[in-house]
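**Q** Questions regarding the structure given below will be posed in turn.
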Protein chains: 2
Amino acid sequence: MPRAVNGINKRITFLRSPRGLPVPEDFGADETGIPKLAAGQFLSRTLYLSLDPYYRNVMKNSQIYADRLTPGDVMVGETVAEVIDSQHPDFKVGDVVAVRNGWQEYALSNGQGVRKIDPSIAPVSTALGVLGMPGLTGYAGTVFLAQPLPGQTFVVSACTGPVGSTAGQVARHMGARVVGIAGSKEKCDYAVRELGFEACVDYREGDLVGQLKAACPNGIDAYFDNVGGSTLEAVTLNLAMGSRIVLCGMIEAYSMDTPPPGPWLGPIVGARATMKGLVVYDHMNRLPEMTRVIGRWIHDGSFRWKEDIAKGLEQAPAAFCRLMRGQNFGKALVEVGSTKLGR
Amino acid sequence: MPRAVNGINKRITFLRSPRGLPVPEDFGADETGIPKLAAGQFLSRTLYLSLDPYYRNVMKNSQIYADRLTPGDVMVGETVAEVIDSQHPDFKVGDVVAVRNGWQEYALSNGQGVRKIDPSIAPVSTALGVLGMPGLTGYAGTVFLAQPLPGQTFVVSACTGPVGSTAGQVARHMGARVVGIAGSKEKCDYAVRELGFEACVDYREGDLVGQLKAACPNGIDAYFDNVGGSTLEAVTLNLAMGSRIVLCGMIEAYSMDTPPPGPWLGPIVGARATMKGLVVYDHMNRLPEMTRVIGRWIHDGSFRWKEDIAKGLEQAPAAFCRLMRGQNFGKALVEVGSTKLGR
């Protein structure tokens, strides 16, 4: 039996629903023993914790998410973990899995919803980013909803994050002219140089409507929206005829108690545009396909990604607060443990 | 030569852009001689003038419409007219045509964009309503954009108007369960008794969200939006999964200088809904098909309509102002002249 099994399990807990943007004080921390294995379960050690904006919505304890949190509960969240003990027929010690361990070092699982990760395709942390739910979001939203045609102009916001960078690179592979929207010169440079976007607009420079008009002189044929708010509005004022808008994330609104209004919809009518709501869970059956397609691009060097990794579970609250302020650069992760530890 | 040709031509003119809701004082009136015919033209006498909410937008003199108005210009508008003199090879005296004569008794035309009307299908006034642009709007938006399936719940606002009543009756013929939204008990009774809707909700009674929930217990699968604003918002809070929203008219906004915000778009994402902008001119090629389909239903008694007819051109401004306040009941028309007069 691995020695870690008798150790201590550090956890980050939910303390209270944030007011507006979250602060580290909205979280607590505690330690427990490592939970005991029962038949049909496996025990895993968390390697990476994924930080995702939707956690802010979960912390509202509204009814749209299955997870309901009581103060003191471990924060929910996706992780990549290593199986260190198992009484489950399908999982053996050493397997690396994508599992919802939450914000803690160790957790049990009955295997439901757990996905084994093939470390030969890419570093295992990508199972939380471009080869996980965020990547699938960008892939499915682009391929099945935004449907850019060759030569069309495809715009994506939060374009250096895992969803946006996947969406943009998939659109580029589909032959579209990709224009990103991001929040710093550094991010924009990365989008053009590393992700192969045609252009990238820094919304912090102001006049987003004018900047988009300059970058998209023939209008925007498809827009993958990760932020909502004024960015979405600026896009609606630059639409090409027959354009598609994929509504995916509204990060600004997650930290609001009352949802904000949307943009004036007149331009949607004028452009005969289509807005479509995207929820990634509808496209789970595409995960193997997406892994195959993007895995090939990773292998031939035509698909890139960036990670913003905080070291140590105790850094998770602060890292999450940075994410919600747009201060991360790349997929926000917390490295909780090192692979092969405990063996 | 018909005697009317040497008479007087009464006209209603554009005087100024309204502030907010239009008032009769935004219009002028004058008289001129009847214009002289040239080769390749025909002269027609207006029978019916169509009143349509989009005129309010034209009166803003924004750039989205081709018609630009200068004070003193004849108000633009669709009409049904009778050809009373012709030097055009395709039009002969006695033909009844749909033509953009504007708000006046007589006008010349070179035949461009003019459509001959077959009086055997229905009264010629319907060429401005259910068998004209409004009908085509309701037909195309329902058949090609909203696409209700048998048994699905289809909701339509402004449901006793020519667009809404066509949309709802087309959806009923497609097997959908149709729920109307209108602004009086009288209109709601008409929608259920005459148009064959399953139910109709009176938004003036308040709590539209709750009323729609009661009338659409399984959610709204398709919504044909003719009004925007708080009605659209109430619908978004009652969407079924995979629902479609057709954005067609935003009558409230036409009388505003600054466009209002749209609804919070979170429910669109949650319901994986699709919003589509509809502009009827994209579907002009469907006009013969629509006339055939609806003409058959008119013939077998399974399609009805209602007209709200003001008598006399001088009534047009007041009738238009009533329309913009939702005080009309049925397609708003002005009877300008009687058929066969002048012959």
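Values in this text are rule-based calculations from the coordinates and carry no lab data. No experiment lies behind these values; they were computed from the predicted model shown. Here the Cβ positions follow ideal geometry from the backbone for every residue, glycine too, while neighbour counts run over all protein chains shown.
**Q** With unit charges on the beta carbons (Lys and Arg positive, Asp and Glu negative) and the dipole taken about the Cα centre of segment B:133-299, which residue among B:Pro267, B:Leu237, B:Val143 sits farthest to the positive side?
**A** Working it through, the farthest residue towards the positive pole turns out to be B:Val143.
**Q** Can you list the residues, at least 5 places off or on another chain, whose amide H is less than 5 Å from the amide H of B:Asp308, using H built in the peptide plane?
**A** B:Lys331, B:Ala332, B:Leu333
**Q** In nm, one decimal, shortest first: how far is the label point of B:Thr32 (7 Å from Cα along Cα to beta carbon) from the matching points in the other copies?
**A** Taking the point 7 Å beyond Cα along Cα→Cβ, the inter-copy spacings are 8.5 nm.
**Q** Once you have a ≥ b ≥ c as the square roots of the Cα gyration tensor eigenvalues for the protein assembly as shown, tell me rounded if a/c is under 1.5, and otherwise prolate or oblate according to whether a/b is larger than b/c. Could you put the intermediate results ahead of the total?
**A** On the way: a/c = 2.82, a/b = 2.39, b/c = 1.18.
Since a/c reaches 1.5 and a/b is larger than b/c, the shape of the protein assembly as shown is classed as prolate.
**Q** Sorted from shortest, what are the nm distances separating the label point of B:Asn218 from equivalent points in the other copies, each placed 7 Å from Cα along Cα to C-beta?
**A** 4.4
**Q** When a/c reaches 1.5 or more, the comparison of a/b and b/c decides; with that in mind, is segment B:221-343 rounded, prolate or oblate per its Cα gyration tensor?
**A** Because a/c hits 1.5 or more and a/b fails to exceed b/c, segment B:221-343 counts as oblate.
**Q** Tell me the net charge near B:Met256. Cut-off is 11 Å between Cβ atoms, B:Met256 excluded, with +1 for each Lys or Arg and -1 for each Asp or Glu.
**A** +1
**Q** Oh, and also: Between B:Gly129, B:Gly77, B:Gly168, where does the largest GNM mean-square fluctuation fall for chain B, given springs only between Cα atoms within less than 10 Å?
**A** B:Gly77
**Q** With equal scatterers on the alpha carbons only and no solvent term, can you work out the Debye log10 of I(q)/I(0) for segment B:133-299 at 0.11 1/Å?
**A** -0.39
**Q** Here's a follow-up. Looking at chain B as a GNM with Cα springs under 10 Å, which of B:Gly229, B:Gly141, B:Gly249 has the largest mean-square fluctuation?
**A** B:Gly229
**Q** So how far, in whole Å, is the C-alpha centre of segment B:12-45 from the one of segment A:95-121?
**A** So the two Cα centres are separated by 74 Å.
**Q** List the residues, sorted by chain then number, that are 5 or more residues from B:Leu239 or on another chain and whose placed amide H is less than 5 Å from its amide H.
**A** B:Ile220
**Q** Return a single number: how many Lys pairs in chain B, at a sequence separation of 8 or more or on separate chains, have alpha-carbon atoms below 19 angstrom apart.
**A** 15
**Q** Right, something else. Sum up the charges of everything whose Cβ sits under 14 Å from the Cβ of A:Ala234, counting Lys and Arg as +1 and Asp and Glu as -1, but leave A:Ala234 out.
**A** Net charge around A:Ala234: -4.
**Q** Next question, about the same structure. What cysteines in the protein assembly as shown have no other cysteine with a beta carbon less than 4.7 Å from their beta carbon?
**A** A:Cys159, A:Cys216, A:Cys248, A:Cys321, B:Cys159, B:Cys216, B:Cys248, B:Cys321
**Q** Only Lys, Arg, Asp and Glu count, each charged at its Cβ (+1, +1, -1, -1), so figure out the dipole size of the protein assembly as shown about its Cα centre, rounded to 20 debye.
**A** Around 740 debye, computed over the protein assembly as shown.
**Q** Rounded to whole Hz and in sequence order, give me ³J(HN,Hα) for segment B:171-178 from the Karplus expression 6.51 cos²θ - 1.76 cosθ + 1.60, θ = phi - 60°, writing x for Gly and Pro.
**A** So the Karplus estimates, Gly and Pro as x, are 4, 4, 5, 7, x, 7, 8, 9 Hz.
**Q** Next up: Once phi is turned into θ = phi - 60°, what whole-Hz ³J(HN,Hα) does the Karplus curve with 6.51, -1.76 and 1.60 give for every residue of segment A:291-304, x standing for Gly and Pro?
**A** Here the 3J(HN,Hα) series is 4, 5, 5, 6, x, 5, 5, 4, 5, 8, x, 9, 8, 10 Hz.
**Q** For the residue pair B:Asn110 and B:Thr32, what label-to-label distance in nm results when each label sits 7 Å from Cα along the Cα-to-beta-carbon direction?
**A** Label-label distance for B:Asn110 and B:Thr32, simple model: 1.7 nm.
**Q** Charges at C-beta only: +1 for Lys and Arg, -1 for Asp and Glu. How large is the resulting dipole of chain A about its Cα centre, in Debye rounded to 20?
**A** 380 debye
**Q** Still on this structure, please answer the following. Would you work out if segment A:1-131 is rounded, prolate or oblate? Take a ≥ b ≥ c from the square roots of the eigenvalues of the alpha-carbon gyration tensor; rounded if a/c is under 1.5, else prolate when a/b is larger than b/c, oblate otherwise. Can you show the working numbers first?
**A** On the way: a/c = 2.01, a/b = 1.46, b/c = 1.37.
It is prolate, given that a/c is not under 1.5 and a/b is the larger ratio.
**Q** Sum up the charges of everything whose Cβ sits under 14 Å from the Cβ of A:Leu136, counting Lys and Arg as +1 and Asp and Glu as -1, but leave A:Leu136 out.
**A** So the surrounding residues net to 0.
**Q** List the relative contact order of chain A as a percent without decimals, with contacts defined as Cα pairs under 8 Å and 6+ residues apart.
**A** Relative CO of chain A lands at 19 percent.
**Q** Restricting everything to alpha-carbon atoms, can you work out Rg to Rh for chain A with a Kirkwood hydrodynamic radius?
**A** My calculation puts Rg/Rh at 0.99.
**Q** Please list, in order along segment B:196-213, the HN-Hα scalar couplings obtained from phi with the Karplus expression 6.51 cos²θ - 1.76 cosθ + 1.60 (θ = phi - 60°), rounded to whole Hz, x for Gly and Pro.
**A** x, 6, 5, 7, 8, 9, 8, 5, 6, 7, x, 6, 4, 4, x, 4, 5, 4
**Q** How high is the relative contact order of segment B:133-299, in percent, with contacts defined as C-alpha pairs under 8 Å that are six or more residues apart?
**A** 22 percent
**Q** On to the next question. How far apart are the A:Glu314 label points across copies, placing each 7 Å from Cα toward Cβ, in nm, shortest first?
**A** Copy-to-copy label distances for A:Glu314: 8.9 nm.
**Q** Mean residue ellipticity at 222 nm from the helices of chain A, using -39,500 (n - 2.57) per DSSP H segment of n ≥ 4 over the full residue count, to the nearest 500 deg cm²/dmol? Show your work: numbers first, answer last.
**A** Details: 10 runs with 81 residues, N = 343.
For chain A, the value works out to -6500 deg cm²/dmol.
**Q** Out of residues 5 or more away from B:Val201 or on other chains, whose amide H comes under 5 Å of its own, with H placed 1.01 Å from N in the peptide plane?
**A** Here B:Gly180, B:Ile181, B:Ala182 satisfy the definition.
**Q** In debye, nearest 20: dipole of segment A:1-143 around its Cα centre with unit charges on the Cβ of K, R (+) and D, E (-)? Present the calculation step by step, with values, prior to reporting the outcome.
**A** Values: 14 positive and 14 negative charges, 35 e Å.
So the dipole magnitude of segment A:1-143 works out to roughly 160 debye.
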